[in-house]
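One structure is given here, and the rest of the page talks about it.
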Amino acid sequence: MAASAAVARAEVALPVEYCQVRPGRMLAVHRRVHPRATHTLFFVHGSCGSLLQWQAQLDHSSRFSSVLAYDSYGCGRSPKPYEWEAYASHALIADLVALVQRFSASSSSEKLVLVAHSAAAGFALQAVRWLSEAPGEGRRQIAGVVTVSALDAVPSALALFRLPLCVLTRLQPSLSAGFVEGALHEETRAARTEEHQELLSLCDGINEANPMYMCQAYYRQLLTPSDEEIAAVRVPVMLIAGEADKIVPPAASLRWAAILGSERAQLHVLPFGSHQVMQEQPAEVNRLLDRFLDTV
């Protein structure tokens, strides 16, 4: 009950519109347009997550920028079809590209910035290339990318999703509990504050709402960028990681920063944060995001 109530409260704060971004692909989109914005920020949640995880950043950044966040296909309030190929990484990258093309004008003076979490960090880097190489009016120039808890390789633990769907469905509660254990800092899990109690309930509610056929299709087809594809990124990248992340250790972001080089990348590892560091340390992540926007 507490988990579903936390999701309901967050959904009221972050209403969505339904947009067909590509033929047959309808997505739930939360959008705020600032009349004097110098930047438009596109927030992309990680694997089997929700746009609700960006609430603190959306509320903060919308005061001076235009912002957009969306639920990926199969997640949150977006449709959840059974088709396996609907959750392939290339299809999810294409959705992101289509959203940027639809909700930004090629003649706009606003700078476009992608802010992506976990597995979606790789999607964002790929989208930079796709957008720069798109033909004609579809071409867009991304000013910068912010990654949070960037996933640099497909974890061997995801081999679990080769189990039959009926088994995964029975395992869902324990899988959700394992995610919370690895994705949230021990101080958060102690739930000593109302904020941390709400975060724990929200995390549980998002996990409970995920159909396991979507999770299986997503993880079985998950791709991460190669070192060559990372090195080919020519825009500034800020990498943020939580020091206690057990899902994707900070070493992953450190490796990406080394590949990108000090001229393009800056790395910040935050204490008292784990995989969901943007929710655990929202003020610090917002401060870093503001600083990054001042430089791009």
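The values are calculated or read from the model by the stated rules, or taken from the named source; none is laboratory data. Quantities reported herein were computed from a predicted structural model and do not represent experimental measurements. Cβ: placed from backbone, ideal geometry, glycine included. Neighbour counts: every protein chain shown. Heavy atoms of the whole protein, side chains included, go into the accessibility calculation; ligands, DNA and RNA do not. Shrake-Rupley method; radii C 1.70, N 1.55, O 1.52, S 1.80 Å.
Summary table
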read-out	value
Boolean, S104 is over 13 Å from I206 (Cβ atoms), buried (at least 18 other Cβ atoms within 10 Å of the Cβ) and not hydrophobic (A, V, I, L, M, F, W, C)	yes
Hits in region 164-174 - residues which are closer than 15 Å to R220 by Cβ and open to solvent by less than 60 Å² (accessible area, probe 1.4 Å)	V167, L168
Selection within region 182-191 - open to solvent by 20 Å² or more (accessible area, probe 1.4 Å) and either part of a helix (DSSP H, G or I) or farther than 19 Å from Q55 by Cβ (or both)	E186, E187, R189, A190
Lone unmet requirement of (1) in contact (Cβ under 8 Å) with a residue 60 or more places away in the chain; (2) part of a helix (DSSP H, G or I); (3) open to solvent by 60 Å² or more (accessible area, probe 1.4 Å); (4) under 20 Å from G49 (Cα atoms) for A120	(3)
Index of the failed condition, F179 passing every other in (1) part of a helix (DSSP H, G or I); (2) open to solvent by less than 60 Å² (accessible area, probe 1.4 Å); (3) within 24 Å of A10 (Cβ to Cβ); (4) modelled with pLDDT of 95 or more	(4)
Verdict on D290 being under 20 Å from the mean Cα position of the chain (by Cα), open to solvent by less than 30 Å² (accessible area, probe 1.4 Å) and of a type in the set (D, E, K, R)	no
Any pair with Cβ under 6 angstrom, 6 or more apart, that starts in region 211-226 at a residue that is over 11 Å from Y82 (Cβ atoms) and ends at one that is open to solvent by 40 Å² or more (accessible area, probe 1.4 Å) and among the small types (G, A, S)	T224/A153
Qualifying residue in region 264-271 (condition: surrounded by fewer than 20 Cβ atoms within 10 Å (Cβ to Cβ), over 28 Å from L175 (Cβ atoms) and among the small types (G, A, S))	no
Output for region 59-90, where each listed residue is without any contact (Cβ under 8 Å) to a residue 40 or more places away in the chain and either closer than 21 Å to E137 by Cα or in contact with a Cys (Cβ under 9 Å, 6 or more places away or on another chain) (or both)	L68
Top-ranked residue of region 127-156 - restricted to ones that are out of contact with any helix residue (DSSP H, G or I) (no Cβ under 9 Å at 6 or more places or on another chain) and either in a helix (DSSP H, G or I) or of a type in the set (D, E, K, R) (or both), ranked as farthest from T40 (Cα to Cα)	S156
Qualifying positions in region 241-257 - closer than 15 Å to L125 by Cβ and open to solvent by 60 Å² or more (accessible area, probe 1.4 Å)	R255
